[in-house]
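The values are calculated or read from the model by the stated rules, or taken from the named source; none is laboratory data. In this text, all values refer to a predicted model and were calculated from it rather than measured experimentally. Cβ: placed from backbone, ideal geometry, glycine included. Neighbour counts: every protein chain shown.
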Amino acid sequence: MSDPRQYQFDLPSDSRPPHANLDEEWYPGIQQTWEKSTTRRIYDPIFGVRAIVIHATAGSSSEGAVSVMRAGKASFHWLVPDEDEAQHGQFVWACAPEARAAWHVRNAVSHPGVWAGRKKINHFSLGVEVVNRATASDAFSHWQMAMTARIVRYAWAKYPNLRHVVSHARLDPERRTDPGAHFPWEDFKNHVLTGADDPIGALIAATTNANDIDPSREDLCPACAWQPTLV
């Protein structure tokens with residue numbers, strides 16, 4: 001059995017995905033929770049994002065996780081539905097604006113392997129919650145693992161300084177064990193690094209880069225082409 005306190009890998013800077021595709025929908029009504037459950041980041045909301053933290057809810061439903069945001073006790077950027085929820089297999093819930101700091105890690109904790117041990121991790125990280133009871137009887141589905149990896153790849157493509165993928169347990173080992181020993185961390189890591197189960201990446205890779213297209217081709221009808229005299 002693996003130890004969630006050891007869950008961490010770093011994203012290679014020379015292998016960033018060329019696209020940022022994610023099937024996500026805002027959780028209904030979640031916007032009303034933001035004022036009391038998120039904070040303005042102290043770092044740049046694009047260049048300051050250095051880590052993404054993987055959590056498990058220790059509960060049985062997305063609704064239960066969202067209740068914590070409604071109470072103003074914690075928050076997270078994405079929520080991955082459980083297999084007995086209608087949204088499972090379709091999309092993940094977006095719950096907090098990426099530009100704001102969600103409250104998913106205690107401000108007092110840090111790890112030397114995550115941005116040189118800086119505290120206030122929420123301000124330079126993104127938080128992902130996976131709905132799971134965190135027990136041996138509640139296995140993570142393949143889709144949950146793959147979609148969590150998809151979220152990481154989406155963020156990796158979007159944030160140029162994102163480097164650390166880490167468990168909540170590694171950051172706060174005295175109080176937290178999530179995403180738990182039963183989370184398929186090695187499979188998850190492989191999906192993140194290789195883009196497995198991501199057909200969009202292959203379609204984009206098969207497309208000619210705009211910088212390699214000959215501008216003299218002008219494959220556009222004359223009537224549709226831009227005319228300087230009309231501007």
### Within region 56-89, tally of residues that are basic (Lys, Arg) and in a helix (DSSP H, G or I)
1
### Query
Restricting the search to region 120-150, which residues are over 14 Å from the mean Cα position of the chain (by Cα) and part of a helix (DSSP H, G or I)?
Ile121, His123, His142, Trp143
### Message
Of everything in region 150-175, what is of a type in the set (Phe, Trp, Tyr) and out of contact with any Pro (no Cβ under 7 Å at 6 or more places or on another chain)? Give them in sequence order.
### Response
Tyr154, Tyr159
### Query
Is one or more of the residues making up region 163-181 outside any loop (DSSP other than H, G, I, E, B) and free of Cβ contacts under 8 Å to residues at least 40 places away in the same chain?
no
### Which listed residue, of Asp82, Asp44, is more than 23 Å from His182 (Cβ to Cβ), among the acidic types (Asp, Glu) and modelled with pLDDT of 95 or more
Asp44
## Note on the structure
Reported set for region 1-41 where residues are under 16 Å from the mean Cα position of the chain (by Cα) and not in a loop (DSSP other than H, G, I, E, B) is Gln8, Phe9, Asp10, Glu24, Glu25, Trp26
### Query
Can you spot a residue in region 57-74 that is touching a strand residue (DSSP E or B) at 6+ places or on another chain (Cβ under 9 Å), within 15 Å of Phe124 (Cα to Cα) and either crowded, with 21+ Cβ neighbours inside 10 Å or touching a residue at least 40 places away in the same chain (Cβ under 8 Å) (or both)?
no
